[in-house]
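Q: I'd like to ask you about the structure that follows.
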Amino acid sequence: MDDEFNVTYVTLGGHVEVNRYKYVYFVIIFIAYILIICSNSTIVYLICVHKNLHDPMYIFIAALLLNSVLFSTAVYPKLLIDFLSEKQLISYSACLFQFHIFYSLGGSEFLLLAVMAYDRYVSICKPLQYPTIMTKTTISIFLALAWILPACQVAVPAGLSANKKLCSFILKGVFCKNTVYKLQCVISRAQIIHDMVILLNVALVPMLFILFTYIRILLITYRSSREVRKKAAQTCLPHLIVLINFSCLCAYDVITVQLESDFSKTLSLIMSLQIVMYHPLFNPIMYGLKMKEISKHLKKLFCQAKMI
């Protein structure tokens, strides 16, 4: 529907009895959002202030956690507003912007994990060349590309969708992701091909690169001393667990869109919230507890807080 300013609005139809449980929804999502911001920001703060955490590995971890905060901020504030609103509406342009941020930051996650895998490979397999390969310039280029490449690629389908004719104004979801395509009257073959290319570039290729890198690390450390194997396990295991977790959630996102009609509205809501809640909360726990140096500084921080 168009209002007097000729702005197209979309109804977010994935909410379940929002008027009845709006305060319950609001409190749960608000607490989750605060936990995401606090937990991720705490580790980023520790990495920034402690010089022994200024190694490339920790810089990439900080970038990954910052990405989680940005990813959550693209979704949570709108969710909180919707829970307290009589109608859950969003303008089509704002919906496409959320769609763009959601998938560009999701792509950045894969690229950052790929960069982290490469960093571990150089550190473990080519330790003497590590300082000359992982320079400040190299790190800056990797970080810039991890955020710029997905943003530029996802901008194309978002821009093309802006001019598409809509045949539906009810989105089956609580935020804008690839279900936005189902609002369009026609989805062109070129659009589908372009989306497949994006998926290949920002998800499948980085994932294959990560698997190849860790296989190489595994083969090299298998022939090395016990101490080298232990070091590899301590630094690589958290990255692998995060990769598996995020990959499962992404596959889960694609599958649920295709099988959306087969799920009840309540189950679809739970699944949608898991995608934006589980991973941003999981990352700081994994890196905070499993990375020895970060864990050490976290314990000192909490001990100082108790003393105050």
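Q: Every residue in the stretch 137-162 that is surrounded by 12 or more Cβ atoms within 10 Å (Cβ to Cβ) and among the hydroxyl-bearing types (Ser, Thr, Tyr), please.
A: 138, 161, listed by residue number.
Q: Kindly state which helices (runs of 4 or more DSSP H) lie completely within the stretch 188-302 and contain at least 3 residues that are hydroxyl-bearing (Ser, Thr, Tyr).
A: Hits in the stretch 188-302: 205-222, 226-258, 265-290.
Q: Could you figure out which of (1) crowded, with 18+ Cβ neighbours inside 10 Å; (2) assigned to a helix (DSSP H, G or I); (3) not acidic (Asp, Glu) isn't true of residue 10?
A: So the condition that residue 10 fails would be (2).
Q: On to the next question. Can you tell me which residue among 36, 47 is part of a helix (DSSP H, G or I), closer than 29 Å to residue 204 by Cα and in contact (Cβ under 8 Å) with a residue 24 or more places away in the chain?
A: Result of the check over 36, 47: 36.
Q: Please verify whether residue 198 is within 27 Å of residue 30 (Cα to Cα), at pLDDT 85 or above, crowded, with 16+ Cβ neighbours inside 10 Å and touching a helix residue (DSSP H, G or I) at 6+ places or on another chain (Cβ under 8 Å), treating the condition exactly as stated. Walk me through how you get there before you give the answer.
A: On the way: within 27 Å of residue 30 (Cα to Cα): no; at pLDDT 85 or above: yes; crowded, with 16+ Cβ neighbours inside 10 Å: yes; touching a helix residue (DSSP H, G or I) at 6+ places or on another chain (Cβ under 8 Å): yes.
When the stated conditions are applied, residue 198 does not pass them.
Q: Restrict the check to the stretch 120-131 and report whether at least one residue is modelled with pLDDT of 90 or more, open to solvent by less than 50 Å² (accessible area, probe 1.4 Å), outside any helix (DSSP H, G or I) and out of contact with any strand residue (DSSP E or B) (no Cβ under 7 Å at 6 or more places or on another chain).
A: no
Q: Within the stretch 100-112, identify whether any single residue is over 26 Å from residue 196 (Cβ atoms), in contact (Cβ under 8 Å) with a residue 60 or more places away in the chain and either assigned to a helix (DSSP H, G or I) or touching a Ser or Thr at 6+ places or on another chain (Cβ under 7 Å) (or both), and answer yes or no.
A: Looking through the stretch 100-112, none of the residues is over 26 Å from residue 196 (Cβ atoms), in contact (Cβ under 8 Å) with a residue 60 or more places away in the chain and either assigned to a helix (DSSP H, G or I) or touching a Ser or Thr at 6+ places or on another chain (Cβ under 7 Å) (or both).
Q: Among all residue pairs at least 6 apart or on different chains, which show Cβ distances below 6 Å where the first residue, located in the stretch 153-177, is β-branched (Val, Ile, Thr) and the second is open to solvent by 40 Å² or more (accessible area, probe 1.4 Å)?
A: 154/103; 170/11
Q: Could you list, in sequence order, all residues of the stretch 248-257 that are within 14 Å of the chain's Cα centre (by Cα) and crowded, with 16+ Cβ neighbours inside 10 Å?
A: 249, 250, 253
Q: With the structure loaded, tell me whether residue 96 is farther than 30 Å from residue 239 by Cα and touching a residue at least 12 places away in the same chain (Cβ under 8 Å) or whether it fails that test. Lay out the reasoning, then the answer.
A: Details: farther than 30 Å from residue 239 by Cα: yes; touching a residue at least 12 places away in the same chain (Cβ under 8 Å): yes.
Criteria met by residue 96.
Q: When the stretch 201-238 is examined, which residues are found to be open to solvent by 40 Å² or more (accessible area, probe 1.4 Å) and touching a Phe, Trp or Tyr at 6+ places or on another chain (Cβ under 7 Å)?
A: Across the stretch 201-238, the qualifying residues are 207, 216.
Q: Please determine, by comparing only the residues of the stretch 82-91 that are in contact with a helix residue (DSSP H, G or I) (Cβ under 8 Å, 6 or more places away or on another chain) and either of a type in the set (A, V, I, L, M, F, W, C) or assigned to a helix (DSSP H, G or I) (or both), which one is most open to solvent (accessible area, probe 1.4 Å).
A: Going through the qualifying residues, I end up with 84.
Q: May I pose another question? So which residues in the stretch 286-308 are closer than 18 Å to residue 41 by Cβ, among the hydrophobic types (A, V, I, L, M, F, W, C) and either surrounded by fewer than 13 Cβ atoms within 10 Å (Cβ to Cβ) or at pLDDT below 85 (or both)?
A: 286, 289, 291, 298, 301, 302, 305
Q: Do we have residue 70 as open to solvent by 20 Å² or more (accessible area, probe 1.4 Å), touching a residue at least 24 places away in the same chain (Cβ under 8 Å), of a type in the set (A, V, I, L, M, F, W, C) and within 24 Å of residue 211 (Cβ to Cβ) here?
A: Working: open to solvent by 20 Å² or more (accessible area, probe 1.4 Å): yes; touching a residue at least 24 places away in the same chain (Cβ under 8 Å): yes; of a type in the set (A, V, I, L, M, F, W, C): yes; within 24 Å of residue 211 (Cβ to Cβ): no.
No, not satisfied.
The values are calculated or read from the model by the stated rules, or taken from the named source; none is laboratory data. As the structure is a prediction and not an experimental result, all values here were calculated from the model. Note that we place each Cβ from the backbone using ideal geometry, even for glycine, and neighbour counts take in every protein chain shown. Heavy atoms of the whole protein, side chains included, go into the accessibility calculation; ligands, DNA and RNA do not. Shrake-Rupley method; radii C 1.70, N 1.55, O 1.52, S 1.80 Å.
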